[in-house]
Amino acid sequence: MNFIPIKYGKRNYPDGIKVSIQEIAGHFDVKSIKPYMDYSLHTEYAYGGRKFSNSVVSQLETIKNSHKNSVPKLWLNEQWSREFCLFIKGIVDTHQPPKIIEIHPPFNDYCASIDKFTDVYRIFEEELISFFPDTEILIENRCGSTYAGGRFLISTVNDIRDLCEVVLRKKMKLRAVLDFPQLFSSYNLSPYRFSENNIKEVIRPLKELRDFIAGIHIWGKTKSTKGRIVSHCGNLDTYFISPMLKEVFMSELKEIFNDDKARYFVPEVNSNDKDLDSIVQDYIRNGFSFV
């Protein structure tokens, strides 16, 4: 049960864990990228409004005009897919190619099926591979956005399973990076709503998909001083509240990832190094290794 650690933001892993990949923001308003090691390019995720101010994207008419109330419409059509490839090539510029590119699903009001999405996506994959042949392309499940009128096409376990079947049938390179807090949110689960049964019901079906899962995102949630739940802060103790439920989660993960495959580990923790250390130690105590 091995993880390849990826550096996220300003957070530092505990001593003894060597990090050789960093996450780099690659959304539509990023000014430029400045990687100093191998990197994972985290592309536009369509949570909120954008100005489309990046110098590359400002020249791409389809992407620039594909939005609803400034929230980007991802994978709108074939021309969008071609331009997205040009966008990535443009922001990478003279830097080394990314080791990983993370993409995100479209909304279902204009892209109603995974078959339609993958037909549009295929153009991007084929063109990207032609100049970044060794780059891995991973798609993250998403839940929650200020976008009105549709939800993300790939949010639940069933969505991920359907995507896996289509990708394998069409012989695509695409694989998944699984964001567990967003996955739980797609079932309306969050701190104070977890139970042993609902954790198991969400996670257990993932075991049959583990060969399709190339990495995970994990982060905590905690209460602010005003009592509001804050994402990307805290650790697994503040997220699951109950030590028993945290152990149920970890036990189920061991069942999924008990194989010889090394997967990427992205701890999306904004709060502090102490919270990251707590999350990492939870995984180590449960038999996971960081390689």
In the range 79-112, how many residues are part of a loop (DSSP other than H, G, I, E, B) and either among the β-branched types (Val, Ile, Thr) or surrounded by fewer than 17 Cβ atoms within 10 Å (Cβ to Cβ) (or both)? 6
So the strands (runs of 3 or more DSSP E) completely within the range 201-269 holding 2 or more residues that are modelled with pLDDT of 95 or more are 213-218, 262-267
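Could you grab me the full set of residues in the range 63-78 that are part of a loop (DSSP other than H, G, I, E, B) and over 18 Å from the mean Cα position of the chain (by Cα)?
Selection gives ASN65, SER66, ASN69, SER70, LEU76, ASN77.
Do the conditions hold for PRO191, that is, is it crowded, with 16+ Cβ neighbours inside 10 Å, touching a residue at least 60 places away in the same chain (Cβ under 8 Å) and not small (Gly, Ala, Ser)?
Criteria not met by PRO191.
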I'd like the full set of residues that are of a type outside the set (S, T, N, Q), in contact (Cβ under 8 Å) with a residue 40 or more places away in the chain, in contact with a helix residue (DSSP H, G or I) (Cβ under 9 Å, 6 or more places away or on another chain) and not in a loop (DSSP other than H, G, I, E, B), limited to the range 270-291. ASP275, ILE279, ASP282, TYR283, PHE290
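Yes/no matrix, rows are residues, columns are (1) of a type outside the set (D, E, K, R); (2) assigned to a helix (DSSP H, G or I); (3) over 23 Å from PHE265 (Cβ atoms):
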{"site": "GLY144", "(1), (2), (3)": "yes, no, no"}
{"site": "SER155", "(1), (2), (3)": "yes, no, no"}
{"site": "ASN158", "(1), (2), (3)": "yes, yes, yes"}
{"site": "LEU163", "(1), (2), (3)": "yes, yes, no"}
{"site": "LYS173", "(1), (2), (3)": "no, no, no"}
{"site": "LEU178", "(1), (2), (3)": "yes, no, no"}
{"site": "GLN182", "(1), (2), (3)": "yes, yes, no"}
{"site": "LEU189", "(1), (2), (3)": "yes, no, no"}
The range 16-36, residues that are without any contact (Cβ under 8 Å) to a residue 40 or more places away in the chain and assigned to a strand (DSSP E or B): GLN22, ALA25
Which listed residue is assigned to a strand (DSSP E or B) and either surrounded by 13 or more Cβ atoms within 10 Å (Cβ to Cβ) or touching a Lys or Arg at 6+ places or on another chain (Cβ under 7 Å) (or both), from TYR39, TYR13, TYR45: TYR39
Name the residue that is farthest from PHE28 (Cα to Cα), counting only residues in the range 50-62 that are assigned to a helix (DSSP H, G or I) and in contact with a helix residue (DSSP H, G or I) (Cβ under 7 Å, 6 or more places away or on another chain). THR62
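The values are calculated or read from the model by the stated rules, or taken from the named source; none is laboratory data. What you see is a predicted model; the values in this text were computed from it and never measured. Every residue, glycine as well, gets a Cβ built from its backbone with ideal geometry; the counts of neighbours run over all protein chains shown.
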